[in-house]
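Visitor: Got a structure for you, written out below as structure tokens; questions coming shortly.
The values are calculated or read from the model by the stated rules, or taken from the named source; none is laboratory data. Nothing here was measured: the structure is a model prediction, and the numbers come from that model. Positions of Cβ are generated from backbone atoms using ideal geometry, with glycine treated the same way; all protein chains shown enter the neighbour counts. Note: accessible area is taken over every heavy atom of the protein model, side chains too, but ligands, DNA and RNA are not part of it. Shrake-Rupley method; radii C 1.70, N 1.55, O 1.52, S 1.80 Å.
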2 protein chains.
Amino acid sequence: MVEPGDRQRATTVADVARRAGVSKATAARALGDYGAVSDSVRERVQAAAEDLDYRPNELARSMNTGRSKTIGVIVGDIENGYFGLAMRGISDTAKAAGYDVILINTSENVQTEIDAVRVLLDKRVDGLIVAPASSFHIEHLRRVDDSGRPLVLLDRRVPGLEAVSVEVDIAPSASDATAALLDAGHTRIAFVSALQTEGEGYSDRLQLRVSSVTDRLAGIVSALRSRGIEPSADLIRFGALGPERTRAITGELLELEDPPTAILASDSLIALDVLRTLRDRGLRVPDDLSFVMFDDFDWAALTDPPLTVVAQPIYDVGVAAATILLRRLAGLPHDDVRARLPATLVLRDSVGPVPVRA
Amino acid sequence: MVEPGDRQRATTVADVARRAGVSKATAARALGDYGAVSDSVRERVQAAAEDLDYRPNELARSMNTGRSKTIGVIVGDIENGYFGLAMRGISDTAKAAGYDVILINTSENVQTEIDAVRVLLDKRVDGLIVAPASSFHIEHLRRVDDSGRPLVLLDRRVPGLEAVSVEVDIAPSASDATAALLDAGHTRIAFVSALQTEGEGYSDRLQLRVSSVTDRLAGIVSALRSRGIEPSADLIRFGALGPERTRAITGELLELEDPPTAILASDSLIALDVLRTLRDRGLRVPDDLSFVMFDDFDWAALTDPPLTVVAQPIYDVGVAAATILLRRLAGLPHDDVRARLPATLVLRDSVGPVPVRA
DNA sequence: CAAGCGAATGAGACCGGTCTCAACATAGCG
DNA sequence: CGCTATGTTGAGACCGGTCTCATTCGCTTG
């Protein structure tokens, strides 16, 4: 049906109407399946549409329905399997409801995130799912609300913003992981995170930009304190932003006068670089150092040694976020303001007893 | 500037024009920065826009420019780190050029892919990047051409379709990997792929749906034949579509009368399940069985043992695909019809000598 | 000083759909 | 048979931008 000539201008309702010998309005009704159309006309129009290979222009449709059947997703890094999986959850859920997804990657950069929100709003997405890079810069998220479009926060909440958030309830598992280390006799327990902070040290007053990291830390600190151990500022490290920084930080930890005997890595990307650094220095896990990673992936069971991890149901987080957003778009009541999915500690072989000092 | 009341209707050029006391046309000129506008008017309009917090409706803009500044990407599985990285390459490149990306996941399902193409075309994306699930069903890809919008194939080419493809030149590395196994003395070399085929066996006449797998196989077969070894149909296996199937296939291979002494896994997802199956059966790599994986990821160097892999520059493939698409969108000449990036064999420790039969 | 030219501006068509409203036909009812 | 209720259709406004065209104005130039 497609002749070589007609690749230029797409056929429109008007074309179909003309061919079917009816008015534009009637053709639109027959095609859009709304209003009342007689059967004979409907068939005629549909045949004409078929002949002309008519496809509606969704842009035009969106423009006066006001809905684009598209949701925007803004994450820090799709390359990270964590967000990859979440994205899959969102995408599967959205597709099932007839929605498409526009994805924007911010590299955890606030300015990029601000631009991303603006662009998606301008593109008239129906709703937004955002893993906010910072709890402090939230004016742009307020804008989303002002625009009347629903916003769901992914993996992280933002205090002071009345938006629904879907998170992993990570603090209890972070406590469990820390407790496991404490049980094995460790007291010098380090935590390495990618988060950028004003300083790099730790204090009780520390305000973190990302709630999911705050929660990890809260869980760790509470477990430590329940055993009478004060968190040590030199063991809680931020700014592991890439391989180089992570390796440098790991090196610094190892060269402390009183180095840690166990390390908790805040995500899998960091874990990989920490482990590489340990291996390069000839340190073995868990003989020389115990290790726990946040996030579980298939490969975590196949490393040497298999890694003890805090497993997060991140696919389900994506599904939940999309589901809530879609419910709001459908005008249904959204029960929660803060959905939290449970994490679990998966014990494998990377935690061992404290090595005797040489 | 945002009053609680105005969340309903967004401000338009007409609003700005009224406030600035000029015509809609003039306001549009001042805002859109085209045509001729006097400085005084421009300032007045811009001030008005600022006051009203004006944001252009990209939908409306797209509708009569005909361009949406959006490209569509269709892949089999974003959850797979392979496509995750490619996506990142595409996304980074697109963003740098002011384009956004709509992502659709097909689960390697042809019908879903057909729908995806239709939806994206209807949404009036400016161009498409597709990793086609099948070389046989390509009418929907032809449609893209007919629509006048550029199409770039990612990772896979489609014979008979005159579209640009960006691929990894994988055959030579597949040969190298096979040669490495042959050098170690292996002759019973298995290949496990996720690809669905009519039968599950192998024959020379076999037509595969995905060129990147065809190429892997071609490289393997040519290396075998150069040593006078005929590929054995029972060692070349398809249909490893999920953990269960992969484990079943691996089990079947191991239970052959004359089982393989080496396995090549067509991608990292399969590799993980093969390795798990081996471990569950108490088989060690490389002592009991040698192993090579296509795709390299950070974790591949940290497994037990570190894996010998065929590393593919998949991020760069994404960048190249997006670059070519953007060039075509800009009306620039597109030199290649088929860009091919080199893969490399990375030797680690998962290949060893053939074990002596017990 | 009149003609000529370019810059600035406004009116309104247009993109491709949706949707309101009025016109008309037919059927049901008193 | 007249009147209204219901169903079907067409004309045209509208969404929010872009863009063409005609008009007006100021300035140069012969």
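Visitor: 7 Å along Cα→Cβ for the label point: how many nanometres lie between B:Pro159 and each equivalent label in the other copies, listed shortest first?
Guide: 6.4
Visitor: Under 14 Å from a point 7 Å along the Cα-to-Cβ line of A:Glu139: which residues of segment A:69-111 have their amide N that close?
Guide: The answer is A:111, whose backbone nitrogens lie closer than 14 Å to the label point.
Visitor: Give the residue from B:Ala240, A:Leu182, A:Ala223 lying farthest towards the positive end of the charge dipole for the protein assembly as shown; charges sit on Cβ (+1 for Lys and Arg, -1 for Asp and Glu) and the dipole is referred to the Cα centre.
Guide: Towards the positive end, the residue furthest out is B:Ala240.
Visitor: So, one more: Which whole-Hz couplings ³J(HN,Hα) result when phi for each residue of segment B:50-65 is put into the Karplus expression 6.51 cos²θ - 1.76 cosθ + 1.60, θ = phi - 60°, listed in order with x for Gly and Pro?
Guide: Ordered by residue, 3J(HN,Hα) equals 4, 3, 8, 6, 5, 9, x, 8, 5, 4, 4, 4, 4, 4, 9, 8 Hz.
Visitor: Before rounding to the nearest 500, sum -39500 (n - 2.57) across all DSSP H runs of length at least 4 in chain A and divide by the residue total; then give [θ] at 222 nm in deg cm²/dmol.
Guide: The helix-only estimate for chain A comes to -13000 deg cm²/dmol at 222 nm.
Visitor: Next question, about the same structure. Using alpha carbon coordinates only, what is the Rg to Rh ratio of chain A, with Rh defined as the Kirkwood radius?
Guide: Radius of gyration relative to Kirkwood radius: 1.14.
Visitor: Further question: What FRET efficiency comes out for the pair A:Asn109/A:Asp169, r = Cβ-Cβ distance, R0 = 30 Å, nearest 0.05?
Guide: The computed FRET efficiency comes out at 0.65.
Visitor: May I ask which residue of A:Val317, A:Val285, A:Ala96 lies farthest towards the positive end of the charge dipole of segment A:69-358, with charges of +1 (Lys, Arg) and -1 (Asp, Glu) on Cβ and the Cα centre as origin?
Guide: A:Ala96
Visitor: What are the residues whose amide H is under 5 Å from the amide H of B:Ile129, where those residues sit 5 or more places off or on another chain and H is modelled from the backbone?
Guide: B:Gly72, B:Val73, B:Ile74, B:Val152
Visitor: Turning to a different aspect of this structure: Once amide H atoms are placed 1.01 Å from N in the peptide plane, what residues at a sequence separation of 5 or more from B:Asp100, or on another chain, have their amide H within under 5 Å of its amide H?
Guide: B:Thr70, B:Ile71
Visitor: Run the 1.4 Å probe and let me know the accessible area of A:Thr344, rounded to the nearest 10 Å².
Guide: A:Thr344 exposes around 80 Å² with every protein chain in place.
Visitor: Follow-up. For segment A:140-210, I need the span (max minus min coordinate) of the C-alpha atoms along each principal axis, in Å, sorted largest to smallest.
Guide: Ordered largest first, segment A:140-210 gives principal extents of 53, 26, 18 Å.
Visitor: In Å², what does the accessible area per residue of segment A:4-56 work out to with a 1.4 Å probe?
Guide: Per-residue value: 64 Å².
Visitor: So how strong a dipole does segment A:27-89 carry about its Cα centre when Lys and Arg Cβ are +1 and Asp and Glu Cβ are -1, to the nearest 20 debye?
Guide: Computed about the Cα centre, the dipole is about 260 debye.
Visitor: Moving to a separate point now. Could you give, in nm with one decimal, how far A:Thr187 is from each other copy of that position, shortest first, with labels 7 Å out from Cα toward Cβ?
Guide: 6.3
Visitor: Given the Cα-Cα distance of A:Thr344 and A:Ala233 and 0.36 nm per residue of separation, how much length would full extension add, in nm?
Guide: Numbers: separation 111, 0.36 × 111 = 39.96 nm, distance 2.66 nm.
Gain in length upon complete extension: 37.3 nm.
Visitor: Hey, how many Å between the Cα centroid of segment B:38-74 and the Cα centroid of segment A:69-101?
Guide: Centre-to-centre (Cα) distance: 27 Å.
Visitor: Just to check I understand the Karplus step: with θ = phi - 60° and J = 6.51 cos²θ - 1.76 cosθ + 1.60, what whole-Hz values come out for segment B:34-46, glycine and proline as x?
Guide: 9, x, 10, 9, 6, 4, 4, 5, 4, 4, 4, 5, 5
Visitor: For segment A:4-56, report the translational diffusion coefficient in µm²/s to the nearest whole number, using Stokes-Einstein at 20 °C, 1.002 mPa s, and a Kirkwood Rh over Cα pairs.
Guide: Numbers: Rh = 10.9 Å.
For these conditions, the coefficient is 197 µm²/s.
Visitor: Starting from the Cα gyration tensor of segment A:62-137, take the square roots of the eigenvalues, sort them a ≥ b ≥ c, and report rounded, prolate or oblate (rounded when a/c is under 1.5, otherwise prolate if a/b is larger than b/c, else oblate).
Guide: Oblate.
Visitor: Show me you know the interface measure: the accessible area buried between A and B, both chains summed, probe 1.4 Å, in Å² to the nearest 100.
Guide: For A against B, buried area totals roughly 5000 Å².
Visitor: Amide H to amide H, which residues 5 or more places from A:Leu341 or on other chains are under 5 Å from it, using H placed in the peptide plane?
Guide: A:Glu167, A:Val168, A:Asp169
Visitor: Here is a follow-up. Using the Cα centre as the reference, give the magnitude of the dipole from point charges on the C-beta atoms of segment A:69-358 (Lys, Arg: +1; Asp, Glu: -1; all else neutral), rounded to the nearest 20 debye.
Guide: 540 debye
Visitor: Work out from phi, with θ = phi - 60° and the Karplus expression 6.51 cos²θ - 1.76 cosθ + 1.60, the ³J(HN,Hα) of each residue of segment A:105-118, listed in order in whole Hz, and give x for Gly and Pro.
Guide: 9, 9, 6, 6, 9, 4, 4, 4, 5, 4, 4, 4, 4, 4
Visitor: Can you work out which chain B residue has the shortest Cβ-to-axis distance for the rotation that carries B onto A, and give it in Å?
Guide: Taking the axis that maps B onto A, the answer comes out as B:Asp304, 2.
Visitor: For chain B, modelled as a Gaussian network with Cα springs under 10 Å, which listed residue fluctuates most, B:Ser68, B:Ser211, B:Ser147?
Guide: Comparing B:Ser68, B:Ser211, B:Ser147 in the GNM, the peak value goes to B:Ser147.
Visitor: Classify the protein assembly as shown as rounded, prolate or oblate, taking a ≥ b ≥ c as the square roots of the eigenvalues of its Cα gyration tensor: rounded when a/c is under 1.5, otherwise prolate if a/b is larger than b/c and oblate if not.
Guide: Numbers: a/c = 2.22, a/b = 1.24, b/c = 1.78.
Oblate shape, in that a/c is at least 1.5 and b/c is the bigger or equal ratio.
Visitor: Give me the percent relative contact order of segment B:169-313, please, defined on Cα pairs under 8 angstrom at least 6 residues apart.
Guide: 27 percent
Visitor: For label points placed 7 Å from Cα toward Cβ, what is the shortest-first list of nm distances from A:Glu139 to its copies?
Guide: 5.4
Visitor: Further question: Using +1 at the C-beta of Lys and Arg and -1 at the C-beta of Asp and Glu, which of B:Ser40, B:Pro259, A:Met87 has the Cα lying farthest in the positive direction of the dipole of the protein assembly as shown?
Guide: B:Ser40
Visitor: Pull out a ≥ b ≥ c, the square roots of the eigenvalues of the alpha-carbon gyration tensor of segment B:169-313, then state rounded if a/c is under 1.5, prolate if not and a/b is larger than b/c, and oblate in the remaining case. Don't skip to the end; give the middle numbers.
Guide: Values: a/c = 1.23, a/b = 1.16, b/c = 1.06.
Because its axes are fairly even, with a/c under 1.5, segment B:169-313 counts as rounded.
Visitor: Relative to the Cα centre, what is the charge dipole magnitude of the protein assembly as shown, using +1 at the beta carbon of each Lys and Arg, -1 at the beta carbon of each Asp and Glu, and rounding to the nearest 20 debye? Please report the intermediate quantities before stating the final value.
Guide: Numbers: 82 positive and 104 negative charges, 494 e Å.
For this selection, approximately 2380 debye.
Visitor: Something else: Where the centroid of each part is defined by its Cα atoms, how far is segment A:312-358 from segment A:206-256 in Å?
Guide: 20 Å
Visitor: Highest mean first, what order results for B:69-80, B:239-250, A:306-317, B:261-272 on Cβ atoms within 10 Å? If you can, show how the numbers build up before the last one.
Guide: Values: B:69-80: 23.7, B:239-250: 18.2, A:306-317: 22.2, B:261-272: 25.5.
Packing proxy ranking, top to bottom: B:261-272, B:69-80, A:306-317, B:239-250.
Visitor: Follow-up question, since we're still on this one. Can you grab the distance from the C-alpha centre of segment A:147-161 to the C-alpha centre of segment A:257-287, Å, no decimals?
Guide: With segment A:147-161 and segment A:257-287 each reduced to a Cα centre, they are spaced 35 Å.
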